[in-house]
1. From the list Ile72, Ile99, exactly one residue is crowded, with 17+ Cβ neighbours inside 10 Å and more than 15 Å from the ligand (Cβ to nearest atom). Which is it?
2. With the requirement that a residue be out of contact with any Lys or Arg (no Cβ under 9 Å at 6 or more places or on another chain) and within 19 Å of Ala110 (Cα to Cα), what does the range 166-197 give you?
3. Here is a list: Ala117, Ala45, Ala49. Which entry is under 26 Å from Gln244 (Cβ atoms) and either hydroxyl-bearing (Ser, Thr, Tyr) or more than 15 Å from the ligand (Cβ to nearest atom) (or both)?
4. Pull out all pairs, ordered by first then second residue, where Cβ-Cβ is under 6 Å, the residues are six or more apart or on different chains, the first lies in the range 43-69 and is touching a residue at least 12 places away in the same chain (Cβ under 8 Å), and the second is among the polar types (S, T, N, Q) and outside any helix (DSSP H, G or I).
5. Can you pull out every residue in the range 246-288 that is within 16 Å of the ligand (Cβ to nearest atom) and free of Cβ contacts under 8 Å to residues at least 40 places away in the same chain?
6. Out of all the residues in the range 288-297, is one or more under 20 Å from Ile99 (Cα atoms) and in a strand (DSSP E or B)?
7. Do the conditions hold for Gly60, that is, is it of a type in the set (Gly, Ala, Ser), crowded, with 18+ Cβ neighbours inside 10 Å, modelled with pLDDT of 95 or more and part of a helix (DSSP H, G or I)?
8. Could you check the range 33-52 and list, in sequence order, the residues that are assigned to a helix (DSSP H, G or I) and surrounded by fewer than 20 Cβ atoms within 10 Å (Cβ to Cβ)?
Amino acid sequence: MIDMLIKKIEELQNPTVVGLDPRLNLIPSHIKEEAYNLYGKTPRAAAKAFLQFNKGIIDGICDLIPAVKPQIAMYEQYGAEGIQAYIDTVEYAKGKGLIVIGDIKRSDIASTAEAYADGHIGRVKIEEESYVVYREDTITLNPYLGYDSIEPYLGHCKNYNKGLFILVKTSNPNSGEIQDLNIGGEKLYERVGKMVQQWGEAFIGARGYSSIGAVVGATHPQQAEKLRSIMTSTYFLVPGYGAQGATAEDLKGYFNKDGLGAIINSSRGIIAAYSKAPYKSLYKEEEFSLAARAAVLDMKEDLQKLF
Ligand SMILES: O=c1ccn([C@@H]2O[C@H](COP(=O)(O)O)[C@@H](O)[C@H]2O)c(=O)[nH]1
């Protein structure tokens, strides 16, 4: 998986990931109105509107970026219809050649983790039949239950060429309350980083990086620099650029000297570009897809300053 991702990053000269985090207040009115007219103000309408919006966004940016990251919470809140919109979004993005990072942040005991692993990156078995359900290429996991909670996913990474991004240092303001705790002379996030690096060693691809990556927030550049030095072959998925305030200047320490090692996510900053300066005055609401494209091109240019 990781070699596939690196190949796309290099071809496109762009380490940008676009987060597909639709919310009703970010969906242009013409899409919402059409869905409400057909389905009423229902969870079904929300799900249909999300899918139509996502297709527009994906069409506008699929030739510019290597990957998208749908955030499952946005879909799950609407129940079965929402989940279907998530699955259809994954399918549509893959059909357009994008790598899909499912931001699902799962964590549970091994026997339950097996079910998550089978559904998202493996196969579910029904008697002698087996089915692929969610189809993401890689998913996010929370490691705080320990190795036995991660292990069920690793076999699927090998067997089905999938990947993981495991939370190490998250972008939220209070992440330090737990993740920066001192434990025997080091920080908890450093210890977790070392563990993720070690779990990933059996998954290193042709380019020297592992398919077992880490989530390292863009809002914590000092911690990221430390992690970069510990986790030399681990790819970082970096959320926090844009809407959460991180800028390209914060991101230098997330990359290795080869210019690789990190993919930078922006969700609201891209998908809602049409509603914000400077794009709002250049694009109509109906042109949300063009506005997202312009925002991706600007982000690419911004990140290129780093190299
Ligand atoms: O540490 C983390 C882990 C995950 N996220 C997720 O990334 C996006 C960020 O969205 P923006 O609109 O670009 O702020 C969202 O899905 C988060 O759940 C994160 O922000 N930080």
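The values are calculated or read from the model by the stated rules, or taken from the named source; none is laboratory data. No experiment lies behind these values; they were computed from the predicted model shown. Cβ sites come from the backbone with ideal geometry, for glycine too, and all protein chains shown count toward neighbours.
1. Sole residue among the options that is crowded, with 17+ Cβ neighbours inside 10 Å and more than 15 Å from the ligand (Cβ to nearest atom): Ile99.
2. Across the range 166-197, the qualifying residues are Ile166, Met195, Val196.
3. Result of the check over Ala117, Ala45, Ala49: Ala49.
4. Short answer, once both residue conditions are applied: Ile65/Asn14; Ile65/Thr16; Lys69/Asn265.
5. Asp250, Tyr254, Gly269, Ala273, Lys276, Tyr279
6. no
7. Spelling it out, Gly60 is indeed of a type in the set (Gly, Ala, Ser), crowded, with 18+ Cβ neighbours inside 10 Å, modelled with pLDDT of 95 or more and part of a helix (DSSP H, G or I).
8. Across the range 33-52, the qualifying residues are Glu33, Glu34, Tyr36, Asn37, Leu38, Tyr39, Pro43, Arg44, Gln52.
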